[in-house]
Amino acid sequence: MKSATKSAFIVAAAIIAISASSPLAKAQSSGAAPSDPQIVGIVVAANQIDIDYGKLALSKSKNPEVRVFAQQMVTDHSSLQKAVGDLGAKLKVTPAASDTSKSLNQQAKSTTAKLKKLKGAAFDKAYVENEIAFHKAVINANDNVLIPSAKNSELKSALEGARPLFQGHLEHVEHMQSALQ
């Protein structure tokens, strides 16, 4: 097995293993419902993570499709981040740290370190696989933890309204994965 292919395989396996034990998956199974400030904190953390992943891809990838997708992640998640901040200010809800948001940030540091070690097609493949796992986890947590736990109706509505965006990102990156193979 070529070194780049082997590296991509190792990172992909790690990403898949991490996504199964992700903070978002754990939040779903823990039974402890996050508060509205914690939900906002989780959403802020998840958006920033995907913005950072997109920026990393823009700095490393030469693949036009990967670059277009990465720019879309930066643009869409930056807009969503602003909307969450505006809604939080309107509702007087300050994002609060939680075990989930802290764990998300720790996991993102680890994933980013692994992605930074890759180049070329190995990076593109690992980035795309990470985006698929990340968006699946976000959609699952949004549907099964965040929306049901939100007490404020405007926050709940905003989470419901963001779902089609997350689903569109997932479909886009899954299509891109097929094209890369």
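Computed on the range 113-172, with alpha-carbon pairs under 8 angstrom and 6+ residues apart, the relative contact order is 34 percent.
Take every Cα pair under 8 Å whose residues are at least 6 apart in sequence, average their separation, divide by the length of the range 55-171, and the relative contact order is 27 percent.
In terms of packing, defined here as the mean over residues of other Cβ atoms within 10 angstrom, the peptides 43-49, 67-73, 105-111 line up highest first as 43-49, 67-73, 105-111.
Cross-linked pairs Lys60/Lys102; Lys102/Lys156; Lys82/Lys119: Cα-Cα separations exceed 30 Å for Lys82/Lys119. From the square roots a ≥ b ≥ c of the eigenvalues of the alpha-carbon gyration tensor of the range 101-181, which class results: rounded (a/c under 1.5), prolate (a/b over b/c), or oblate? Since a/c reaches 1.5 but b/c is at least a/b, the shape of the range 101-181 is classed as oblate. Here the range 56-71 is scanned for amide nitrogen atoms under 16 Å from the site 7 Å beyond the Cα of Lys116 along Cα-to-Cβ, giving 56-61.
As a rough footprinting exposure proxy, the listed residues Tyr127, Tyr53 were ranked by other beta carbons within 10 Å of their own, and the order from fewest upward is Tyr53, Tyr127. The residues His175, His169, when put in order of fewest to most other Cβ atoms within 10 Å, stand as His175, His169.
For the range 71-101, applying the loop criterion from DSSP together with a ceiling of 15 other beta carbons within 10 Å to the trypsin sites (Lys or Arg not before Pro) yields Lys92.
Only the coordinates and a few stated rules stand behind these numbers; no lab work does. As the structure is a prediction and not an experimental result, all values here were calculated from the model. Every residue, glycine as well, gets a Cβ built from its backbone with ideal geometry; the counts of neighbours run over all protein chains shown.
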